[in-house]
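Presented below is the structure to which this report refers.
Just so it is clear, none of the values below were taken in a lab; they were calculated from the coordinates. As the structure is a prediction and not an experimental result, all values here were calculated from the model. Here Cβ is always computed from backbone atoms with ideal geometry, including for glycine, and neighbour counts include all displayed protein chains.
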Amino acid sequence: MESRAKMSVSSLTLRSGETLEVAAFIRDFFIRAPACPFVVFLPRTLRACVAALTPQHRGMNEQPTVAAKAPAKVTLEAGKDYWFCTCGKSATQPFCNGAHKGSSFAPKKFTAEKSGDAWLCQCKATANAPFCDGTHKGL
């Protein structure tokens with residue numbers, strides 16, 4: 001039985017000596033030509049990378065809406081699942097109401113570790129989503 005090794009390619013060196021970062025190439029390809037029919041002419045390894053991309057990856061240049069420049073104080077219940085809005089368009093901030101549909105955004109599911117009050121991000125720029133890290137102060 002023939003075994004196939006998985007190959008991971010992060011960059012390619014072109015004949016010109018220029019280095020092509022695969023992830024950047026694929027991202028730019030979809031930003032510039034999202035409906036381009038010429039994907040079939042890409043090398044097989046790049047076609048596989050393109051096929052593996054989800055619509056969320058294809059819209060990597062889309063930015064969230066700042067819902068507010070202050071966190072929302074919410075009361076969480078330990079063990080309960082919550083869906084944090086990542087697009088900033090939800091009318092039920094900081095939680096998702098489905099307003100992201102049709103965009104590259106998806107809600108972030110999280111489970112409360114303990115019951116009590118928490119401050120959830122509404123500027124959508126935190127590095128610790130869904131929790132506020134004070135990034136809104138610099139916006």
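Net charge near Gly138, counting Lys/Arg +1 and Asp/Glu -1 over other residues with Cβ under 14 Å of its Cβ? The answer is +2. In terms of distances greater than 25 angstrom between alpha carbons, the cross-link table entries Lys80/Lys137; Lys101/Lys124; Lys69/Lys89; Lys69/Lys108 yield Lys80/Lys137. Can you tell me the FRET efficiency between Ala78 and Asp133 if r is taken as the Cβ-Cβ distance and R0 is 22 Å, rounded to the nearest 0.05? E(calc), rounded to 0.05, equals 0.50. When both the stretch 113-139 and the stretch 97-111 are represented by their alpha-carbon centers, they are found 17 Å apart.
Rounded to the nearest whole Hz, the Karplus-based 3J(HN,Hα) values (6.51 cos²θ - 1.76 cosθ + 1.60, θ = phi - 60°) of the stretch 131-139 follow the sequence 7, 5, 10, x, 4, 4, 5, x, 8, with x at glycine and proline.
From least to most packed, judged by other beta carbons within 10 angstrom and beginning with the fewest, Ser103, Ser115, Ser90 follow the order Ser115, Ser103, Ser90. The amide H of Phe131, built 1.01 Å from its N in the peptide plane, has Cys121 as neighbours under 5 Å, considering only residues 5 or more places off or on other chains.
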